[in-house]
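> Sharing a structure with you now.
The values are calculated or read from the model by the stated rules, or taken from the named source; none is laboratory data. Source: prediction; values computed, not measured. Every residue, glycine as well, gets a Cβ built from its backbone with ideal geometry; the counts of neighbours run over all protein chains shown.
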Amino acid sequence: MTTSVVKELQNASHRNQAFVGFGPDQKVTCAELDPQEYYRRNTEKKANKKQKYGKFVKFEKISLKGWNIWDDQLTNAVVRDEQNKDHADEDIKYSLERDGWLYDFFPPILSTEGKVKDGRTRIRAALKAEWTHILVAIFSYDETEVTENFATITNGLIANKHVTARTASMADFVKAGTSLIASGDLVREHSSIEEWLINDVEIGNFFDVAAGTHTKIKNRIFEQSKQKSEIIIDKDREEWIQYIVQSPEFKELGIEAPDTPTPFGENKLIVYSASRTNARRCFCDPILGNQSKDKAGCKHTYIVLFSNADTEEKVKADVKAFSEDLNTFYVQSVNMVNGLVNGINIEVPNDRSYTILGIVPLFYSDDTHKTLRSSNRLVPLDKFI
């Protein structure tokens with residue numbers, strides 16, 4: 001979210017003094033959230049314009065207990081090319097802390113089943129601000145008209161056209177379109193893609209149709225959907241670490257969290273993005289650095305991998321190369337000693353002083369990865385590649 005958006009959020013807190021939540025002394029905190037304020041403002045009259053294929057039910061205050069920022073519901077994997085990596089949630093967190101809740105803007109939207117339909121970034125911001133509750137609008141949906149997935153992705157793009165949202169980019173439309181084709185909710189034909197762009201997501205509200213921007217997007221969707229590829233959940237290393245430290249695999253080790261300073265000889269956990277460069281770094285720094293001539297002082301290095309690659313094939317290739325490179329470096333180290341010291345011939349030990357504990361479950365639609373994410377588990381190396 002840009003600086004101008006933050007200023008707009010701040011300016012909104014000083015408009016319309018007749019309503020609750022405005023003025024220098026009327027900041028609405030988490031404890032003061034009141035869904036009735038939306039009715040006093042007649043917000044429900046414009047509610048049904050907020051979601052295609054959905055019907056407004058009510059405004060409600062919900063608990064955020066049990067929610068986590070890594071929840072699948074809060075990822076923008078299919079409607080944001082950058083997903084959550086632009087840190088817009090940090091901007092909104094700052095607005096919540098400074099200005100409180102702003103009733104000027106329509107709240108996040110949930111279905112009657114509790115599924116998030118819009119406002120994921122704002123919910124993430126509330127979690128980061130350590131709010132225990134948030135206000136939402138509840139909608140019901142008729143799946144006889146379109147599938148739930150079609151409605152969710154289409155509405156996700158449409159909703160990103162207001163001051164508290166990052167306006168959808170060309171890349172966002174391409175990602176959403178290819179995702180709908182991959183799921184079977186959109187036919188891979190130029191006419192079907194164009195109809196979706198013009199009539200469903202109303203792309204004219206985002207770009208100049210006369211300039212042909214929608215045609216470029218349509219062609220990119222068509223080309224990029226030639227082969228079905230899994231959507232990769234793309235998070236910063238810091239966010240994956242928050243996920244990893246809640247995993248049973250990490251907790252069973254009984255060691256310090258990643259990036260925590262540890263004395264020499266302590267077992268440690270390292271988190272890397274899978275790449276050949278990082279394999280070299282991993283071997284030369286933590287693995288070799290945790291060795292000792294004293295066998296009792298030679299401790300273990302545990303490794304968890306994630307990836308910034310954008311295709312399933314590239315992710316798997318990078319993870320495999322990382323693992324193979326570590327083994328190669330290990331063997332080369334033994335061979336180097338054998339070559340430099342006369343009269344010895346050390347066999348390469350079967351045991352390793354490192355273990356790839358697992359890979360974070362990166363594949364958005366994969367059922368196994370979904371299940372693992374729901375319980376903060378890692379994917380074992382042999383199951384990943």
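> Given (1) outside any helix (DSSP H, G or I); (2) under 23 Å from residue 322 (Cα atoms), where does residue 243 come up short, assuming only one miss?
Going through the list (1) outside any helix (DSSP H, G or I); (2) under 23 Å from residue 322 (Cα atoms), residue 243 breaks only (1).
> Can you go through 171, 126, 165, 159 and tell me which one is among the small types (Gly, Ala, Ser) and modelled with pLDDT of 90 or more?
Going through 171, 126, 165, 159 in turn, the sole match is 126.
> On the given criteria, is residue 37 surrounded by fewer than 16 Cβ atoms within 10 Å (Cβ to Cβ), over 14 Å from the mean Cα position of the chain (by Cα) and among the acidic types (Asp, Glu)?
In short, no.
> A further question follows. Name the pairs whose Cβ atoms lie under 6 Å apart, with the first residue in segment 244-259 and more than 15 Å from residue 375 (Cα to Cα), the second assigned to a loop (DSSP other than H, G, I, E, B), and 6 or more positions between them or separate chains?
Once the first residue is more than 15 Å from residue 375 (Cα to Cα) and sits in segment 244-259, its partners that are assigned to a loop (DSSP other than H, G, I, E, B) give 255/267; 256/262; 257/245.
> Looking at the structure I just gave you, is residue 304 touching a Leu at 6+ places or on another chain (Cβ under 9 Å), under 26 Å from residue 182 (Cα atoms) and β-branched (Val, Ile, Thr)?
Considered against the rule, which asks whether it is touching a Leu at 6+ places or on another chain (Cβ under 9 Å), under 26 Å from residue 182 (Cα atoms) and β-branched (Val, Ile, Thr), residue 304 comes out as no.
> Filtering segment 366-385 down to residues that are surrounded by fewer than 19 Cβ atoms within 10 Å (Cβ to Cβ) and polar (S, T, N, Q), which residue is nearest to residue 252 (Cα to Cα)?
So, considering only residues that are surrounded by fewer than 19 Cβ atoms within 10 Å (Cβ to Cβ) and polar (S, T, N, Q), the one nearest to residue 252 (Cα to Cα) is 375.
> For segment 188-242, how many residues meet the condition of being small (Gly, Ala, Ser) and under 28 Å from residue 309 (Cβ atoms)? Explain how you work it out, then say what you get.
Taking segment 188-242 and keeping what is small (Gly, Ala, Ser), we get 191-192, 204, 210-212, 225, 229.
The next check asks that each one be under 28 Å from residue 309 (Cβ atoms); those that pass are 225, 229.
Adding up the residues that qualify gives 2.
> Is one or more of the residues making up segment 173-193 within 25 Å of residue 368 (Cβ to Cβ), in a loop (DSSP other than H, G, I, E, B), within 20 Å of the chain's Cα centre (by Cα) and basic (Lys, Arg)?
No - not one qualifying residue is present in segment 173-193.
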